[in-house]
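The structure under discussion appears below in the form of structure tokens.
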Amino acid sequence: MPVEVKVPDIGDFKNIPVIELMVKVGDLVKKDDPLVTLESDKATMEVPASRSGTVTALHVQLGDRVSEGSLILTLEEANVSSTHTEALTPIPQSPQDTRNEPVSSAQSAAPTKQTGTTSSQASSAEEITITVPDIGNFENIPIIEIMAKVGDKVEANAPLITLESDKATMEVPAPQGGVITAFLVKLGDKVSQGVAIAKMTTASLAVRDTVQEELTAQSTGEPRLTKEVTQTPPVTVPSPQKPLAPEAQSVIDQVAFTKAHASPSVRHFARELGVDLSKVKGSAPKGRIVKEDIQSFVKSALAQGVQGATPGVSAGLGLGLLPWPQVDFAKFGAIEVQPLSRIKKISGANLHRNWVMIPHVTNNDDADITELEAFRVQLNSENKQADIKVTMLAFLIKAVCNALRKFPQFNASLDGDNLVVKHYYHIGFAADTPNGLMVPVIKDADKKGVLQIAQEASQLAKKARDGKLSPADMQGGTFSISSLGGIGGTYFTPIINAPEVAILGVCRSSIKPVWRENQFQPRLILPLSLSYDHRVIDGALAARFNTYLVELLADLRRATL
Ligand code: CAO
């Protein structure tokens, strides 16, 4: 019986052009196969088939504008008892997109297996509901990308959807490996913590046919175990950059990538391969880039012999650098391969991007903290029972707030041709944890006393070491401090924590002879290393900032002036 396929609820979008027809009359399509692609200036959406059948009529052409309810095509469905009209749920494109693969009649005509053949699998399958995890203070954040579709087999931590506020882009990853059985949200939906976004079965289903059986079993209403799971925290990156594969982050022109004319699945595919979309020539109408364009691009890059020597392909070579040396270390002695922790991979990719994209300069200076240290020791001896240990870090945070107030350019972020100066002072500090570097943030540090800062810093450092920091604990920083004072060293170059524009590195204080009052005196000297973004801050200003900080630390009474 014929089934009319209409444009489903696509939110506020109206009169959206059809930019791609993936099927033609006579094609056999399977359930979930994408039929057409719609693209507004904000989103690209695919309308998939909810049933298997043969396309008997196409009611739209390329370029036609459609809205919710517009008739798209008619399907002749096998084994359907009555005529009906459907508005299908649009499913954003995903890397597993099969629209360009020819649908063989064998594939399409294969009858869907019925429940009886899959009952044991279905009953052993465990279905979980994936919810939006703790995303800090963000609420009602729009979904800008859905990276998987029903039936996709995803690995643990694979990104499922992307949320984008005006401040950050966050991906919600799969809490564990499995097969997506339902999406409960669509592009443009606004979500907050706890909102259910998808369902997945965690049964290990290796092949697509088995997945299909599983879905068939589900649709028959077989009993399934459903439970909520603890969600992995989302990966947060500063807007507008999307979290690309770490190796690709350093070389891809993010702005040009964002502007490239390509659908989300093609973007995803490019990210996976580390291809800079801005370097790829699109073969589809209006120069739109399709999957094949990326495949050809990569093939031609590989054909040149030196992988990555082609601009646009990652491995760091968009910069025209030599490829990374490939060495068989085992040839020279025993080795052990240790996978990087998740935190290391995330922080490494961020550090790499920041180092490559920000022109860093570091200004070193020395602060005489003899009196300050004596005061700190005195406070701690007075406060023994109070259970708060006053640290040098707490004084540094307090002094830095004061210096930031005097030099607002340091409490800012670069946004294109604008400098966004913040009137709040949220200070991040680097914490060394068994899993890697974390940067918790002390909010409104300027409004807090040294004791409260010391207490919060110690609580946040403990949370960091215990792996319990929430995204909110790490968001909103305006300036960071990296203190190696408890460990040692003299000076170093801290890497700016983008989108901040400066960071203060602190090393171990030591007694040094200082010429004062016509004689050398033993003074406690604290080495400071201020890295700054030279696009925003001139060397003279950085020297003034450091000098002022040195004065403050020498006599914190100045902070009250
Ligand atoms: N000079 C001399 N001694 C210092 C000092 C300094 N600048 N800073 C701290 N100390 C002392 C402390 O007083 C403490 O001594 P006691 O045990 O005798 O009281 C000892 O060193 C240990 O201090 P701490 O490092 O545990 O505490 P903190 O408040 O100074 O720092 C934290 C907290 C979270 C910043 C720190 O534990 C840490 O993780 N530091 C590493 C940061 C890092 O990795 N930075 C590099 C980032 S780039 O890779």
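Things to note:
- Summed residue charge, Cβ within 10 Å of Ile143's Cβ, Lys/Arg positive, Asp/Glu negative: -1
- Counted charge near His59, where neighbours are those whose Cβ lies closer than 11 Å (Asp, Glu -1; Lys, Arg +1): -1
- Translational D in µm²/s for segment 448-561 (Stokes-Einstein at 10 °C, 1.306 mPa s, Kirkwood Rh from C-alpha pairs): 97 µm²/s
- Test item: Cα-centred dipole of segment 509-561, Lys/Arg +1 and Asp/Glu -1 on Cβ, debye: 120 debye
- In a DSSP loop and with at most 14 other Cβ atoms within 10 Å, the chymotrypsin sites (Phe, Trp or Tyr not before Pro) in segment 401-459 are Tyr424.
- Charge context of Leu541, other residues only, Cβ under 14 angstrom, K/R +1, D/E -1: 0
- Spatially proximal lysines relative to Lys199 (Cα-Cα < 16 Å; intrachain offsets below 8 disregarded): Lys149, Lys153, Lys186, Lys227
Only the coordinates and a few stated rules stand behind these numbers; no lab work does. Since this is a predicted model, take the numbers as computed values, not measurements. Don't worry about glycine lacking a Cβ; one is built from the backbone with ideal geometry, like all the others, and counts go over all protein chains shown.
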